[in-house]
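These notes concern the structure reproduced below.
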Amino acid sequence: MTRPELSIVIPCFNEIENVDAIVAAVQTEAEAHTYSYEIILIDNGSTDGSRDAIRRICTVNPYVRAILNTRNFGQMRSPTHGIYQARGCAVIGMCADFQDPPAVIGQLVALWRGGAKVVLAQRRAEQGAGPLLKLTRGAGYRVLAAMSDHPPLPNVTGFGLYDREVVDTLKRWNEPEPFFRGMLVESGYPIALVPVERPERARGESKNGFAPLLGFALSGLAASGKSLLRLPIILSLWAFAIAGLLLLASLVLLSATLLGWSVGLAGFGVLLLILGLIGDQVRLLAERTRGMPLVIEEARLNFPPSS
């Protein structure tokens, strides 16, 4: 079975308004920059008709393959599973909402052909990002840089190209909650960066609100995490918020008592955060012994029989 030069993996979750357009745009770029390719759509339990649209696309377009998950397995596991199923000599991962511009594909391929094992798009600026979102992202990157052994690169979303060797290496790690951006840095492969302007989402609603972004940041620290083991982390965030309000009140009212409460509560928040991250790491050890796959597939469409 001949391996395509390029695989382009596009995760989907409720992208009925974008899926046809993104396939057409990506296919145009692929035909301009590579001699053989496949496009893989991996649907993470959509409920808006995206799955029917994907099935229709696969019946008329032999270059498009699809994986339909039995449910939503989260924003890290499903995209990574799609990357691991790709057969290309190089694999591109990108979003379906056009915030990862298809026009950048040519630059990614050119740098890969020049010898780069990993090529990542780095956001210059993001249209429509409010002050709170920018502040949250900036704080998240600073925390990861200070506390992580292998912090991800700032303003890199995961849109990029990965050589076959890199994909096969990371797949062997068998991470149950793969924080792919961090894994790329941890692998030690040299990373080439392509500055891009990241536009607003073309259509539909964003799935990356405050909670998902917070989840990505915590996953970078503790390799992932869900369930009640994150309760200390959530409580620590409330403790920090209340401590900040008490500090502000103490400065306004010149109250030493409020200042003392603020310092004590902040210290309690730090303790809870540390306990929460330790709990996340314990959960990760349990997940590794459990042996659950990244996703459970309901169906595959247009894949070669041997895959």
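The values are calculated or read from the model by the stated rules, or taken from the named source; none is laboratory data. Predicted, not measured: the structure shown is a model, and the values here were computed from it. Cβ placement follows ideal geometry from the backbone for every residue including glycine, while neighbour counts extend to all protein chains displayed.
Scanning the range 257-280 for residues that are buried (at least 16 other Cβ atoms within 10 Å of the Cβ) and without any contact (Cβ under 8 Å) to a residue 24 or more places away in the chain yields a count of 4. The helices (runs of 4 or more DSSP H) falling completely within the range 15-92 that include 1 or more residues that are over 20 Å from the mean Cα position of the chain (by Cα) and in contact (Cβ under 8 Å) with a residue 60 or more places away in the chain map to 19-33, 50-60. Flag not set for Tyr63, criterion: at pLDDT 95 or above and within 18 Å of Val295 (Cα to Cα).
Contact map, the range 281-295: residues that are of a type in the set (D, E, K, R) paired with residues that are surrounded by 15 or more Cβ atoms within 10 Å (Cβ to Cβ) and at pLDDT below 75, Cβ distance under 7 Å, separation 6+ or inter-chain. Pairs shown: Arg283/Gly225; Arg283/Leu229.
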